[in-house]
Number of protein chains: 2
Amino acid sequence: MQQLVTELLQGNRRAAARLISQIENDDPQKTDLLKEIYPHTGRAYVIGITGAPGSGKSSLVDCLLQQMRSDGLTVGVIAVDPTSPFSGGAILGDRIRMQDHALDPGVFIRSMGTRGSLGGLSRATGETIQVLDAYGKNLVLVETVGVGQSEIDIVKAADTTLVVLTPAGGDSVQTIKAGIMEIADIFVINKCDLPGSDRTAAEVNMMIDMKNGESWRPPVISTNAVSNIGIDQLWAALLEHRGYMEKSGRLLETRRQRVRRELTEQVEYLVKKRIWDRVKEKIEFNDMVEKIVQHQQDPYSTAHELLEKIKFYNGIVGEDG
Amino acid sequence: MQQLVTELLQGNRRAAARLISQIENDDPQKTDLLKEIYPHTGRAYVIGITGAPGSGKSSLVDCLLQQMRSDGLTVGVIAVDPTSPFSGGAILGDRIRMQDHALDPGVFIRSMGTRGSLGGLSRATGETIQVLDAYGKNLVLVETVGVGQSEIDIVKAADTTLVVLTPAGGDSVQTIKAGIMEIADIFVINKCDLPGSDRTAAEVNMMIDMKNGESWRPPVISTNAVSNIGIDQLWAALLEHRGYMEKSGRLLETRRQRVRRELTEQVEYLVKKRIWDRVKEKIEFNDMVEKIVQHQQDPYSTAHELLEKIKFYNGIVGEDG
């Protein structure tokens, strides 16, 4: 185990891949590994990229990768698909486009899908960011499909978040829900060759003017990843936002919030694990379920009964409860 | 409280609305209310409807409502938007289209958005279904925006699930992720007047043939909600699936799975609530966060330390640990 961590810190690719697999598989050693690497994290800058399926996020990531690499930066990419059960080795269709970078030692790409993990996808993503950070990558890109709540949770791990839209015949702005407005540091109107692009950009700008009261006003950048249009401007905007985050103290605040969430998640993970391990040992869960199905008991009283049986309340109430 | 439950069981609309608000607000009385109504649930048939924004779900629900009402069935509609922070009184834009039904006592419509609730949206949706069930509605429609993990979780509460797609220039099938294939009992190709509709239907049929090995093969129904095309066929397919569910014993199995999930969620809800209430009383959570931000401690050891301080382990380990 110590060996694996040492190799990771030396920049060994296979060690990084193996550690991420352990995270995904909820390996019992995982927590000890994460403890070991924690002191070596906090250096990578994390960029989140989200947008609806078909908005061209992968091509955009491809263009950004080229830009970042030509600036001499090393990059880890985590492509998260909360609707896919595939992880790791199983490659998403559009990951294939990234194969140009497969032989570049300065780039590490990993797909993640939903696993039955107790901790959930946002937790696994956060832990993978830490591995890539300790591995020595200067930047970590987290790409998520879709704009639902689970994607928003995932993107909360980012220092800078791009929201990718397309000019889609009036539908585009409709899909910018309140949650998305709040997380976007930069809006990208991709596929800007499509009709309606200028109008979409104008509408997004209008929404920003209406809602944004922060010291950072999200810029709206038009790009066409396929023909490499607007990538320079997007990269400049990313660097500008990073500068703003660092100088204003917002980066520290963002990371403090992230630690709050991570500590909360870790506590709940430990608690759930312990509770369900204990239930497995001590409780006839299926019998309880059957009684509720037959409407002989209600789920609310049964949940209490279950917790009493595993003596949950005894401990938590403590000496003074 | 008893009064409110009695009124609900008598079919009082205001009682239903008030109970749902208490669920959303995580009212302390909520659990007692749900316990009271539980024996009166299990009669409503639950239909889930999911699909990307702009796929015309609301118009489709509108058409189905008319069909159901003309068959003499009473209907509750829960319109869930996991990307919106608005609930209850705050009406989504497209809810306005449903106002035809606002004066019909046989229809009850409610919008739900994300709340900071510990229990989460899928839990609140499940509880609202129970209220509408006890209220006496024959059918409950749960409509969700989007096709992410949170939507899948919500739709798991349904006995029959419709997945709504549109013929969108080749993009449509790309968005049918594995999770969606698994939850769809009926596929709807809405806006079937748009070009590419037949091809989309053919592609979906092909995917079903490739992946489906169940005794129920999801039919693919083309509709155009705006001009009321295909609604008869969709309604017939819904009735057919309901018949299949009831006769095959799948309905009982589905509801057993649902109870398993609900009991699990209820246990975790109680546990989290107790843990964080206890942390608030006993722990300097912010100090812990600060130490992690400064990299003086790691989140994993800190989570353990927190749980030890609130004596979580004492109880759960019990006499033999």
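Do we have any residue at all in segment B:292-300 that's within 8 Å of chain A (Cβ to nearest Cβ), among the hydroxyl-bearing types (S, T, Y) and in contact with a Phe, Trp or Tyr (Cβ under 9 Å, 6 or more places away or on another chain)?
Yes: one or more hits.
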Inset, instruction - Give me the pairs, please: first residue somewhere in segment A:172-187 and more than 16 Å from A:K57 (Cβ to Cβ), second residue anywhere and modelled with pLDDT of 70 or more and among the polar types (S, T, N, Q), beta-carbon distance under 7 Å, and either six or more positions apart or on two chains. - result: A:V173/A:T200
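For segment A:155-175, which residues satisfy the criterion of being at pLDDT below 60 and either within 21 Å of A:E214 (Cα to Cα) or not charged (D, E, K, R) (or both)? Give the steps one after another, and end with the answer.
Going residue by residue through segment A:155-175, those that are at pLDDT below 60 are A:169-175.
Those that are at pLDDT below 60 and either within 21 Å of A:E214 (Cα to Cα) or not charged (D, E, K, R) (or both): A:G169, A:G170, A:S172, A:V173, A:Q174, A:T175.
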Inset, instruction - Output the residues belonging to segment A:178-230 that are more than 26 Å from the chain's Cα centre (by Cα), farther than 27 Å from A:D153 by Cβ and among the β-branched types (V, I, T). - result: A:I229
Inset, instruction - Mind listing just one residue for me: the one in segment A:301-316 that is at pLDDT below 90 and in contact with a Phe, Trp or Tyr (Cβ under 8 Å, 6 or more places away or on another chain) and, of those, nearest to the other protein chains (Cβ to nearest Cβ)? - result: A:G315
Legend entry - Complete set of residues in segment A:249-291 that are among the basic types (K, R), facing chain B (nearest Cβ under 7 Å) and within 22 Å of the chain's Cα centre (by Cα): A:R255, A:R256, A:R260, A:K272
Legend entry - Hits in segment A:34-44 - residues which are in contact with a Leu (Cβ under 8 Å, 6 or more places away or on another chain) and buried (at least 19 other Cβ atoms within 10 Å of the Cβ): A:I37, A:A44
Legend entry - So A:V271, is it free of Cβ contacts under 8 Å to residues at least 40 places away in the same chain, in contact with a helix residue (DSSP H, G or I) (Cβ under 7 Å, 6 or more places away or on another chain), aliphatic (A, V, I, L, M) and over 30 Å from B:Q297 (Cβ atoms): no
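Condition (residue is of a type in the set (D, E) and crowded, with 21+ Cβ neighbours inside 10 Å) applied to segment A:187-209: is it met by at least one residue? Working first, answer last.
Within segment A:187-209, the first condition is being of a type in the set (D, E), and the residues that meet it are A:193, A:198, A:203, A:209.
Subset that is crowded, with 21+ Cβ neighbours inside 10 Å: none.
Looking through segment A:187-209, none of the residues is of a type in the set (D, E) and crowded, with 21+ Cβ neighbours inside 10 Å.
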Inset, instruction - Exactly one condition in (1) under 30 Å from A:C192 (Cβ atoms); (2) within 8 Å of chain B (Cβ to nearest Cβ) is not met by A:R242; state its number. - result: (2)
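Going through segment B:41-51 one residue at a time, which ones are closer than 16 Å to B:G230 by Cβ and at pLDDT below 90?
Filtering segment B:41-51 down to residues closer than 16 Å to B:G230 by Cβ leaves B:49, B:51.
The answer is B:G51, and nothing else.
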Legend entry - Within segment A:52-86, considering residues that are at pLDDT 80 or above, in a strand (DSSP E or B) and within 14 Å of chain B (Cβ to nearest Cβ), the one surrounded by the fewest Cβ atoms within 10 Å (Cβ to Cβ): A:A79
Legend entry - segment B:16-44, residues that are touching a residue at least 24 places away in the same chain (Cβ under 8 Å), in a helix (DSSP H, G or I) and not charged (D, E, K, R): B:A16, B:A17, B:L19, B:I20, B:S21, B:I23, B:L33, B:L34, B:I37, B:Y38, B:H40
Legend entry - Residue match in segment B:198-221 (condition: in the same structural domain as B:T125 (by TED's automatic domain parsing), modelled with pLDDT of 95 or more and small (G, A, S)): no
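The values are calculated or read from the model by the stated rules, or taken from the named source; none is laboratory data. Source: prediction; values computed, not measured. In this analysis, Cβ positions are derived from the backbone assuming ideal geometry, glycine residues included, and neighbour counts consider all displayed protein chains.
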